[in-house]
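*Asks:* This is the structure I want to talk about, given as structure tokens.
The values are calculated or read from the model by the stated rules, or taken from the named source; none is laboratory data. Predicted, not measured: the structure shown is a model, and the values here were computed from it. Quick reminder, even Gly has a Cβ in these numbers, built from the backbone with ideal geometry, and neighbours come from all protein chains shown.
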Amino acid sequence: MNDLSKLLSPLGNSDGNQDYSQLIRWFRQATPYINAHRGKTFVMMLSGEAVAHPNISNIIHDIALLNSLGTRIVIVHGLRAQLDAKLEQQNIESQFVQGFRVSDQATMDAAIQASSLIRSQLETRLSMGLPNSPMHGARVRVASANVITAKPAGIIDGIDLQHTGLVRKIDTVAMNTLLDLGNVVLLSPLGYSPTGEAFSLSYKQVASEIAIALQVDKLIAFTDRDGISNAQGQLLRELDPASAQNNIADQDQNSEFIRCAKTAIASVEGGVPRAHLMHYANDGALLQELYTVDGAGTLIQSANFEVTRQATEDDIPAIIDIISPLEKQGVLVRRDRDKLEEEIDYFTVVEREGLIVALAALYPYDCDSGEIACIVTHPDYRNGTRGANLLNTLEVNARAAGIQRVFVLTTQTAHWFIENGFSEIQLDDLPEAKQSLYNYQRKSKVLSKKL
């Protein structure tokens with residue numbers, strides 16, 4: 001049982017009562033992500049091995065939960081394990097060429113049978129709603145459609161791959177129509193040519209092509225590993241495509257995981273903002289990856305998805321949530337909502353997937369001075385460089401406004417400002433307007449930096 005599973009299971013205390021405190025804390029932390037993911041489109045890659053694993057029931061449960069929270073979901077399933085079993089039963093040996101299975105008519109027929117069985121199993125699980133929950137019976141609508149136009153993979157190394165194909169085109173209009181109606185769209189790795197010829201496709205290529213064509217927000221791959229690890233075996237939580245490629249370069253390029261990782265990399269390079277790799281055997285991995293800070297696998301993303309921007313009135317509730325604990329501790333001067341509304345144009349925030357993770361303010365005082373105040377990072381995102389980056393942003397903005405020096409009043413972080421180029425000054429060195437507002441009870445240190 002992973003950390004998220006423990007949180008979602010009420011904890012018994014010594015009196016035999018249930019302790020929901022950890023669950024409540026997790027749910028509050030997850031709320032910004034719930035809001036951020038609502039209305040977004042995710043493509044889920046489920047390998048045949050994932051479908052056959054006992055944890056598939058929990059995965060489907062979590063997908064149904066995502067759907068109930070307003071996420072648009074496309075599931076693309078694989079069938080390698082099931083197809084291998086069928087071919088073995090029929091004493092049919094497969095031939096592979098550069099990773100492609102040669103699909104003669106008998107293999108194609110077996111692939112269609114395996115696909116039909118898997119799709120039926122997944123539809124049944126999804127249509128059951130959320131068992132053992134208040135949403136039992138709240139059925140998830142599942143739709144399948146012929147939205148993939150395929151073409152033959154052709155001849156490789158002199159061998160005709162026959163009914164093995166490649167994706168030629170995705171009917172995005174039909175898919176968006178189904179998603180707009182609230183359906184979970186379930187697709188098999190099969191495609192048809194304009195003349196009606198059937199082809200067996202790679203579910204990884206299908207998922208990637210759909211993700212790129214639909215311009216989805218995330219591609220999520222359930223694999224046989226937690227994610228990409230470094231040479232020391234440490235799981236790497238966030239990577240860009242180049243770093244991800246470098247970390248898998250020395251591994252078996254024909255393994256199922258590496259093929260999934262390459263699919264994720266190619267999808268991000270093709271325009272999908274984020275791709276996630278996680279283990280299909282880990283109960284709750286999907287929820288942990290999407291609704292917690294640390295996640296459960298590896299995130300591959302095209303660029304820094306934290307944006308530094310000027311704050312707006314819509315950010316005020318999040319700002320209050322971040323600064324209120326520090327105000328109660330006396331670290332920050334108390335600001336009520338009205339004051340924040342008046343001063344919001346002075347604030348700069350760092351936003352990560354819809355969540356405000358850091359903030360700071362720059363108050364101009366006279367023709368050449370400005371005060372830097374309220375540099376705060378969300379508790380879940382500390383021990384990074386966001387504070388220093390924000391300070392640098394404010395200094396750049398100050399220079400652009402013609403400010404020649406900035407000052408700060410602090411009771412607890414003087415050492416940090418000194419490390420970032422500030423030096424202590426006297427109260428008399430402050431602008432007169434600021435001197436008149438000095439709180440002698442707080443006894444804040446005054447520091448300044450020339451720009």
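*Asks:* Need pairs with beta-carbon distance below 8 Å; first residue more than 16 Å from G295 (Cβ to Cβ) and within region 262-279, second in a loop (DSSP other than H, G, I, E, B) and aliphatic (A, V, I, L, M); sequence gap 6+ or separate chains.
*Replies:* Going by the 8 Å Cβ cut-off, the qualifying pairs are V272/V216.
*Asks:* Considering only region 142-154, I want to know if a residue exists there that is under 20 Å from V43 (Cα atoms), crowded, with 22+ Cβ neighbours inside 10 Å and touching a Phe, Trp or Tyr at 6+ places or on another chain (Cβ under 8 Å).
*Replies:* Yes.
*Asks:* Go through region 27-41 and count every residue that is modelled with pLDDT of 75 or more and either more than 16 Å from the chain's Cα centre (by Cα) or on the phi > 0 side of the Ramachandran plot (or both).
*Replies:* Going through region 27-41 one residue at a time, the tally reaches 2.
*Asks:* Within region 163-184, can you find the residues that are over 28 Å from N254 (Cα atoms) and either surrounded by fewer than 18 Cβ atoms within 10 Å (Cβ to Cβ) or out of contact with any strand residue (DSSP E or B) (no Cβ under 8 Å at 6 or more places or on another chain) (or both)?
*Replies:* Hits for region 163-184 are D171, T172, V173, A174, N176, T177, D180, L181, G182.
*Asks:* Kindly indicate whether Q435 is surrounded by fewer than 15 Cβ atoms within 10 Å (Cβ to Cβ), in contact with a strand residue (DSSP E or B) (Cβ under 8 Å, 6 or more places away or on another chain) and free of Cβ contacts under 8 Å to residues at least 60 places away in the same chain.
*Replies:* Values: surrounded by fewer than 15 Cβ atoms within 10 Å (Cβ to Cβ): yes; in contact with a strand residue (DSSP E or B) (Cβ under 8 Å, 6 or more places away or on another chain): no; free of Cβ contacts under 8 Å to residues at least 60 places away in the same chain: yes.
The answer is no for Q435.
*Asks:* One residue is enough: does region 151-167 have a residue meeting the conditions in a loop (DSSP other than H, G, I, E, B) and closer than 26 Å to I59 by Cα? Talk me through it step by step, then tell me what you get.
*Replies:* Of all residues in region 151-167, those in a loop (DSSP other than H, G, I, E, B) come to 153-154, 157-158, 161, 163.
Next, from what is left, pick out any that are closer than 26 Å to I59 by Cα: none.
No; the residues of region 151-167 include none that is in a loop (DSSP other than H, G, I, E, B) and closer than 26 Å to I59 by Cα.
*Asks:* Pick from E313, E371, E343: which is touching a residue at least 60 places away in the same chain (Cβ under 8 Å) and either surrounded by fewer than 19 Cβ atoms within 10 Å (Cβ to Cβ) or not assigned by TED's automatic domain parsing to the domain that holds D240 (or both)?
*Replies:* Values: E313 fails: touching a residue at least 60 places away in the same chain (Cβ under 8 Å); E343 fails: touching a residue at least 60 places away in the same chain (Cβ under 8 Å).
Selected residue: E371, the only one of E313, E371, E343 that is touching a residue at least 60 places away in the same chain (Cβ under 8 Å) and either surrounded by fewer than 19 Cβ atoms within 10 Å (Cβ to Cβ) or not assigned by TED's automatic domain parsing to the domain that holds D240 (or both).
*Asks:* I want to confirm something. Restricting to region 291-309 and keeping residues that are out of contact with any strand residue (DSSP E or B) (no Cβ under 6 Å at 6 or more places or on another chain) and either closer than 21 Å to N439 by Cα or not aromatic (F, W, Y) (or both), which single residue is modelled with the highest pLDDT?
*Replies:* Looking only at region 291-309, we keep the residues that are out of contact with any strand residue (DSSP E or B) (no Cβ under 6 Å at 6 or more places or on another chain), and these are 291-295, 302-305, 309.
When the remaining residues are screened for being either closer than 21 Å to N439 by Cα or not aromatic (F, W, Y) (or both), the result is 292-295, 302-304, 309.
Values: T292: 80, V293: 72, D294: 72, G295: 80, S302: 80, A303: 66, N304: 62, R309: 92.
Here the residue is R309.
*Asks:* Given the structure, is K169 within 26 Å of the chain's Cα centre (by Cα), on the phi < 0 side of the Ramachandran plot and not aliphatic (A, V, I, L, M)?
*Replies:* On the way: within 26 Å of the chain's Cα centre (by Cα): no; on the phi < 0 side of the Ramachandran plot: yes; not aliphatic (A, V, I, L, M): yes.
No; evaluated as a whole, the condition is false for this residue.
*Asks:* A further question on this structure: I need a count of the residues in region 415-430 that are in contact with a Leu (Cβ under 6 Å, 6 or more places away or on another chain) and part of a helix (DSSP H, G or I).
*Replies:* Result for region 415-430: 1.
*Asks:* For region 193-213, which positions are of a type in the set (S, T, Y) and more than 24 Å from R141 (Cβ to Cβ)? First the steps, then the outcome.
*Replies:* Looking only at region 193-213, we keep the residues that are of a type in the set (S, T, Y), and these are 193, 195, 200, 202-203, 208.
Residues satisfying the conditions are S193, T195, S200, S202, S208.
*Asks:* Among the residues of region 52-79, write down those that are closer than 22 Å to S202 by Cβ and in contact (Cβ under 8 Å) with a residue 40 or more places away in the chain. Don't jump to the end; show me each part of the working.
*Replies:* First, the residues of region 52-79 that are closer than 22 Å to S202 by Cβ: 52-53, 56, 59, 63, 73-79.
Once the filter is applied, which keeps residues that are closer than 22 Å to S202 by Cβ and in contact (Cβ under 8 Å) with a residue 40 or more places away in the chain, region 52-79 yields H53, I56, I59, I63, I73, V74, I75, V76, H77, G78, L79.
*Asks:* OK, next. Quick one: would you say I258 is within 30 Å of Q441 (Cβ to Cβ) and either of a type outside the set (D, E, K, R) or touching a helix residue (DSSP H, G or I) at 6+ places or on another chain (Cβ under 9 Å) (or both)? Spell out the reasoning first.
*Replies:* On the way: within 30 Å of Q441 (Cβ to Cβ): no; either of a type outside the set (D, E, K, R) or touching a helix residue (DSSP H, G or I) at 6+ places or on another chain (Cβ under 9 Å) (or both): yes.
When the stated conditions are applied, I258 does not pass them.
*Asks:* On the basis of being at pLDDT 90 or above, under 25 Å from F222 (Cβ atoms), touching a helix residue (DSSP H, G or I) at 6+ places or on another chain (Cβ under 6 Å) and not β-branched (V, I, T), does L87 make the cut?
*Replies:* Working: at pLDDT 90 or above: yes; under 25 Å from F222 (Cβ atoms): yes; touching a helix residue (DSSP H, G or I) at 6+ places or on another chain (Cβ under 6 Å): yes; not β-branched (V, I, T): yes.
Taking the combined requirement at face value, the residue satisfies it.
*Asks:* Let me ask another. For P10, state whether it is over 29 Å from A261 (Cα atoms), modelled with pLDDT under 90 and in the same structural domain as L126 (by TED's automatic domain parsing). It would help to see each step written out before you state the result.
*Replies:* Working: over 29 Å from A261 (Cα atoms): yes; modelled with pLDDT under 90: yes; in the same structural domain as L126 (by TED's automatic domain parsing): yes.
In short, yes.
*Asks:* Residue check: is V307 closer than 30 Å to I344 by Cα and in a loop (DSSP other than H, G, I, E, B)? Steps first, answer last, please.
*Replies:* Numbers: closer than 30 Å to I344 by Cα: yes; in a loop (DSSP other than H, G, I, E, B): no.
Here the answer is no, as V307 does not meet what is asked.
*Asks:* Then there is this: Which one is nearest to S47 (Cα to Cα), of the residues in region 82-101 that are small (G, A, S) and free of Cβ contacts under 8 Å to residues at least 60 places away in the same chain? Walk me through it before giving the result.
*Replies:* The first filter runs over region 82-101 and keeps only residues small (G, A, S), leaving 85, 94, 99.
In the following step, the residues that additionally are free of Cβ contacts under 8 Å to residues at least 60 places away in the same chain were identified as 85, 94.
Numbers: A85: 15, S94: 19 Å.
Checking each candidate, the answer is A85.
*Asks:* Another question, then. Specify the residue that is surrounded by the fewest Cβ atoms within 10 Å (Cβ to Cβ); the eligible residues are those in region 246-261 that are in a helix (DSSP H, G or I) and of a type outside the set (D, E, K, R). Outline the logic, then answer.
*Replies:* Of all residues in region 246-261, those in a helix (DSSP H, G or I) come to 246-248, 256-261.
Subsequent filtering for residues that are of a type outside the set (D, E, K, R) retains 246-248, 257-258, 260-261.
Details: N246: 13, N247: 17, I248: 18, F257: 20, I258: 17, C260: 23, A261: 27.
The residue in question is N246.
*Asks:* While we're here: For the structure I just gave you, tell me whether A281 is assigned by TED's automatic domain parsing to the domain that holds P32, of a type outside the set (D, E, K, R), assigned to a loop (DSSP other than H, G, I, E, B) and at pLDDT 90 or above.
*Replies:* On the way: assigned by TED's automatic domain parsing to the domain that holds P32: yes; of a type outside the set (D, E, K, R): yes; assigned to a loop (DSSP other than H, G, I, E, B): yes; at pLDDT 90 or above: yes.
Considered against the rule, which asks whether it is assigned by TED's automatic domain parsing to the domain that holds P32, of a type outside the set (D, E, K, R), assigned to a loop (DSSP other than H, G, I, E, B) and at pLDDT 90 or above, A281 comes out as yes.
*Asks:* Picking from A264, A275, which residue would you name as being at pLDDT 90 or above, assigned to a helix (DSSP H, G or I), surrounded by 22 or more Cβ atoms within 10 Å (Cβ to Cβ) and under 17 Å from the mean Cα position of the chain (by Cα)?
*Replies:* Numbers: A275 fails: assigned to a helix (DSSP H, G or I).
Sole residue among the options that is at pLDDT 90 or above, assigned to a helix (DSSP H, G or I), surrounded by 22 or more Cβ atoms within 10 Å (Cβ to Cβ) and under 17 Å from the mean Cα position of the chain (by Cα): A264.
*Asks:* Does A433 satisfy being of a type in the set (A, V, I, L, M), assigned to a helix (DSSP H, G or I) and more than 39 Å from the chain's Cα centre (by Cα)?
*Replies:* So A433 passes the test.
*Asks:* Next question, about the same structure. Go through (1) among the charged types (D, E, K, R); (2) over 12 Å from the mean Cα position of the chain (by Cα); (3) assigned to a helix (DSSP H, G or I) for R335 and report which single condition fails.
*Replies:* Against the list (1) among the charged types (D, E, K, R); (2) over 12 Å from the mean Cα position of the chain (by Cα); (3) assigned to a helix (DSSP H, G or I), R335 comes up short only on (3).
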